[in-house]
Amino acid sequence: MQQGTLMRKVKSKSWKKQRYFKLQDDCMTIWYQSKRTGKIESAFSISDVETVREGHQSEVLQSLAEEFPPERCFTIVFYGRRGNLDLIAGSAEEAQCWVQGLRQLIDPRSFPLTSPLVSCTWIRDWFQKADKNKDGRMNFKEVQNLLKMMNVDMNEDHALRLFQAADKSESGSLEGEEFVLFYKALTQREEVLSLFQDFSEDGKKLTLLELVDFLRQEQLEDEGTEELAMELIDKYEPSESARARHVLSADGFLMYLCSPEGSIFNPRHQALWQDMSQPLCHYFISSSHNTYLIEDQIRGQSSIEGYIRALKRGCRCLEVDCWDGPNGEPMVYHGHTFTSKIPFREVVSTLEKYAFKVGYPSLGAGGVLGDSKSQGGEGHHKVSTSLCPTLQELKHKILLKGKKIGRLEDTLNGPGDEAPDVSDDDNGAEAEEERRRAKVSGLSWGLAMSTDPALQKDKESLAQALSDCVIYCKSVSFRGFQEARSHSRPSEISSLAESKARKLIRDAGNEFVRHNACQLTRIYPSGMRTDSSNYNPQEMWNAGCQIVALNFQTAGTEMDLCDGLFSQNGRCGYVLKPPFMRDEETFFNPSDSSSWEGPGPITLTIQVISGQQLPKVANSKDGAIIDPLVRVEIHGVPADQAHQETKYIENNGFNPHWDETLQFQLRVPELALVRFVVEDYDKTSRNDFVGQFTLAFANIKPGYRHIHLLSKDGTSIPPSSLFVHIRITE
């Protein structure tokens, strides 16, 4: 239809409005307008869309399942905190047209970051923003407005020279290819061209041998370098004739440096690269707190979106707080608060769809349910008879964390007569926290879940069937390290509030590390964090705590560290702890690493060279241009904690140049995370956040590298990046 496709926009079971939806000619923007008034209500960019889900995959569409078939329903999911858009098409064919079309447009494999098509899209996007009168041309005044939009404060004479050089028709305006010429002149990377010419004899191309020299000397590639050079030429050289001659042009060189192979993140570590055959307690496990909440802890909304977002982010330990609901149906919500409620069956259905995208187990509280569809005793024949199974053995399992009658041996070998252990995990508020929880954790490489009875406290209230589901994550109270050494089993887990964990680290750091070498420990936020804020997870990882539960809905440094640690190893949600944290006789103490006899300090040297197309600060004034600076933070053991920053560059967010060198000494690099932060300097108030990127030190690739920045919500913001030179020496 000329005016677009007529579909129902749905906000609730009773709120269903018909709207016209249309993809604009630029294939980058979708607007929708009211059928009744014809007024355009809103528009969004394809770049804002994270994914498209078919069928009844939201609470709203599930509530309409009897009224509208799943073939006509779909949900558009946006990055960050923007709410989803639930739609009902007029027919299954129309729904498929939109679903498949949107998926094609948002698929990064269709338009990789280094693709010329992406550059063309950005160029077209900037042109349309700056062409105020929509005549398909751009005069010099519009060019000046464009520069402000692009975060550039350029001398007017220089801008005019670029404009006139691109105006080949001498018409006083730019159109089509002329604007492309202007854009390319504007985005010329002098620092990359200078590096290119350092290794190019004629300054125009890199021969195969010259590229090999660059890869060996600067990028420290020491294996299969000639083969790698050939691959890079074939992959990134845009000229067919240059590829045939096995040479790399300056454009191809830049495309390589902006590619995954030119990223600071070692591409080999993005895939599954660690040993997955160790016991569960030997891994850090991506874990969430009150997963169902997407807002605060008191009045916030409960939603299956919390589970979907956490699982897609690589989370393997989820929480499901179950309470009696109407007509005997269990409901999930934060007990004794005003949070909204969701049916337990919807949570289980969501876990079935999303828990095993990566294959390893999901954790929460307790036993193993067999494969992703098995429950209770039916799955037990698939469970290892070992008291300490490996992660590989638990693959595609769901583990339940909870109270248990008897011991694991009784479950594996037959019922026993031991009295149920339903003692509190701790005292006071911590005990109450654990009593009323039902946690679901998953190992996709397993998924884990907790199943502590929420309201019943006496010993007879623990059902045998529920107890039998609890196998490898039996909840036990923590009564000290000596008690744990004497009586604890590898199949048991203790939960500690953040304050108690800090005290143990401070008073008995080495004992805590030894304890976590053979025992699972879960840390959860203080009950005072009603705003869903987070504690620092790094200090808990420093002690070897595996399950460090965070509020995934709250953006900030803490979630940046979590995403940074678990962005490796195929994003499976499991990261193998360093060898000295898997040794029950280790002498390592995170509070006193000066006495740690490790391999010796390592020096990390970072030359911050330049930035490219940094985004504007949210809600900034029209025409405002940022004054960017770069801060590099080291998060690790207390002795390694440090940060340094560059000077700020006035009025240039488009292509700022710093050329500053920062240096750090790392005593325990195995535990270090490195966070790059770009801020807009403000001399009268706190600096504003612009972008960040965090990764484990072990995943850093030395050499000339690009750092592709992420937003506060952890989503990519192409083409914003930093260009750095990294050196690591002992």
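The values are calculated or read from the model by the stated rules, or taken from the named source; none is laboratory data. Just so we're clear, the structure is a prediction, and the values are computed from it rather than from any experiment. Methodologically, a virtual Cβ is constructed for each residue, glycine included, from the backbone with ideal geometry; neighbour enumeration extends over all protein chains shown. For accessibility, only protein heavy atoms count, side chains too; no ligands or nucleic acids. Shrake-Rupley method; radii C 1.70, N 1.55, O 1.52, S 1.80 Å.
Quick notes
- In region 240-256, the condition of being among the charged types (D, E, K, R), under 23 Å from Phe723 (Cβ atoms) and open to solvent by less than 80 Å² (accessible area, probe 1.4 Å) is met by no residue.
- Residue tally, condition touching a residue at least 40 places away in the same chain (Cβ under 8 Å), among the acidic types (Asp, Glu) and either in contact with a helix residue (DSSP H, G or I) (Cβ under 7 Å, 6 or more places away or on another chain) or not in a loop (DSSP other than H, G, I, E, B) (or both), over region 611-655: 2
- Of residues in region 656-674 being out of contact with any helix residue (DSSP H, G or I) (no Cβ under 6 Å at 6 or more places or on another chain), open to solvent by less than 20 Å² (accessible area, probe 1.4 Å) and not in a helix (DSSP H, G or I), the one farthest from Arg216 (Cα to Cα): Pro656
- The residue pairs whose first member lies in region 76-96 and is at positive phi, whose second member is assigned to a loop (DSSP other than H, G, I, E, B), and whose beta carbons are closer than 7 Å, counting only pairs six or more residues apart or on different chains, are Gly80/Ser711; Gly80/Asp713; Gly80/Thr715.
- Scan region 464-512 for residues that are without any contact (Cβ under 8 Å) to a residue 12 or more places away in the chain and either of a type in the set (Phe, Trp, Tyr) or open to solvent by less than 50 Å² (accessible area, probe 1.4 Å) (or both) and the total you get is 1.
- Residue pairs whose Cβ atoms lie under 6 Å apart, sitting 6 or more positions apart in sequence or on different chains, and linking a residue in region 268-282 that is over 20 Å from Ser362 (Cβ atoms) to a partner that is part of a loop (DSSP other than H, G, I, E, B), are His269/Gln568.
- Checking Leu181 against (1) outside the structural domain of Ala250 (by the TED database); (2) open to solvent by less than 30 Å² (accessible area, probe 1.4 Å), the condition it does not meet: (2)
- Residues that are in a strand (DSSP E or B) and of a type in the set (Ser, Thr, Tyr) were ranked within region 692-725; the one that is surrounded by the fewest Cβ atoms within 10 Å (Cβ to Cβ) is Ser716.
- Filtering region 71-99 to residues that are open to solvent by 40 Å² or more (accessible area, probe 1.4 Å) and in contact with a strand residue (DSSP E or B) (Cβ under 7 Å, 6 or more places away or on another chain) leaves Arg72, Tyr79, Asn84, Gly90, Glu94.
- Pairing residues of region 578-599 that are in a loop (DSSP other than H, G, I, E, B) with residues that are basic (Lys, Arg), at Cβ distances under 9 Å and at least 6 apart in sequence or on separate chains, gives Asp583/Arg514; Glu584/Arg514; Glu585/Arg514; Thr586/Arg514; Phe588/Arg514; Trp596/Arg667; Gly598/Arg667.
- So Gly306, is it surrounded by 20 or more Cβ atoms within 10 Å (Cβ to Cβ), within 18 Å of the chain's Cα centre (by Cα) and of a type outside the set (A, V, I, L, M): yes
- Looking across region 566-593 at every residue that is farther than 30 Å from Pro267 by Cα and not hydrophobic (A, V, I, L, M, F, W, C), the one that is surrounded by the most Cβ atoms within 10 Å (Cβ to Cβ) is identified as Asn589.
- For region 304-351, the tally of residues that are assigned to a strand (DSSP E or B) and touching a residue at least 40 places away in the same chain (Cβ under 8 Å) stands at 6.
- Helices (runs of 4 or more DSSP H) (entirely within region 73-165) containing at least 3 residues that are at pLDDT below 75 and not basic (Lys, Arg): 116-130
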